[in-house]
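Read through the structure below, which is laid out as structure tokens, and then see the notes.
The values are calculated or read from the model by the stated rules, or taken from the named source; none is laboratory data. Small disclaimer: the values here were computed from a predicted structure and weren't measured. Here the Cβ positions follow ideal geometry from the backbone for every residue, glycine too, while neighbour counts run over all protein chains shown.
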Amino acid sequence: MARTVDPNRVAERRHAIIRAAADLFAAHGYERTTATQIARAAGLSSGSVFYYFQDKAAVFRSIFELSIPEHTELIARHIDRTDCLAALLDIVDALAGEALDPAAPGLMFELMRRLGHDEELARVVLEDARLSAEALTTLLERGIRTGQFDPGFEPGETARWILAVVDGAFLNADPENPHDPRPLVRATVSRLLRPIETEHP
């Protein structure tokens, strides 16, 4: 009789592997982390990683693949709000807040190293960036139409600049001296989008 696969158990073990791998990749780097170390940190047998993932590269990609449904849900909560500035700042706040994860700086460094070696990883990262950029562009376009934002900046380009500010929260994260980047990110984006006040004689 064939053994029944419990999808919940599979999902739990995959998530355990992903969480363990994220910490190890961040601390020791992709090359110096082994599947055996990941399995041990996840509380699983040594061969478990390759039962649930094709290879170590797939484990690494899965860390960033998780962001797509999470960011899709985040965007869905805010995309239809009429206060476009508040909606945009809440999205930016959530994205920048991910830099508070102690593993974030190390993972960002390893991501930059891996992008040129893994086309599938690059596609995952580009898809995640596309989702965020499109959402910000939609809010910017609506905000310009309703007079909430400075109309002098092209929405698509502005969205990319805003995401570059968010990326800065990760690139400037200091594991030895952690700080919350969200207030500065919010202030930067808010001031960028403030409508130009017309001078009265």
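Assorted remarks:
- Qualifying residue in the range 136-146 (condition: modelled with pLDDT of 95 or more, assigned to a helix (DSSP H, G or I), in contact with an Asp or Glu (Cβ under 7 Å, 6 or more places away or on another chain) and aliphatic (A, V, I, L, M)): no
- Test set (1) in a loop (DSSP other than H, G, I, E, B); (2) surrounded by fewer than 17 Cβ atoms within 10 Å (Cβ to Cβ) - Thr33 fails condition number: (2)
- When every residue of the range 144-160 is checked against the conditions, none turns out to be touching a residue at least 60 places away in the same chain (Cβ under 8 Å) and of a type in the set (A, V, I, L, M).
- Just one of (1) modelled with pLDDT of 95 or more; (2) over 30 Å from Val92 (Cα atoms) fails for Arg61. It is (2).
- Residue list for the range 40-50, filter: in a helix (DSSP H, G or I) and either surrounded by fewer than 18 Cβ atoms within 10 Å (Cβ to Cβ) or assigned by TED's automatic domain parsing to the domain that holds Leu121 (or both): Arg40, Ala41, Phe50
- Here Asp167 clears all of (1) over 25 Å from Leu193 (Cβ atoms); (2) not in a loop (DSSP other than H, G, I, E, B) except the condition numbered (1).
- Some residue of the range 21-39 being under 26 Å from His117 (Cα atoms), more than 22 Å from the chain's Cα centre (by Cα) and among the basic types (Lys, Arg): yes
Matching residues to (1) surrounded by 13 or more Cβ atoms within 10 Å (Cβ to Cβ); (2) of a type in the set (Val, Ile, Thr); (3) over 18 Å from the mean Cα position of the chain (by Cα):
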position: Thr137; (1), (2), (3): yes, yes, no
position: Arg142; (1), (2), (3): yes, no, yes
position: Ala169; (1), (2), (3): yes, no, no
position: Ala173; (1), (2), (3): yes, no, no
position: Glu176; (1), (2), (3): no, no, yes
position: Asp180; (1), (2), (3): no, no, no
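- Residue match in the range 144-163 (condition: aromatic (Phe, Trp, Tyr), more than 23 Å from Val125 (Cβ to Cβ) and surrounded by 13 or more Cβ atoms within 10 Å (Cβ to Cβ)): yes
- Number of positions in the range 180-201 that are at pLDDT 90 or above and farther than 17 Å from Thr138 by Cα: 10
- Any chance Ala20 is within 24 Å of Glu110 (Cα to Cα), surrounded by 20 or more Cβ atoms within 10 Å (Cβ to Cβ) and touching a residue at least 40 places away in the same chain (Cβ under 8 Å): no
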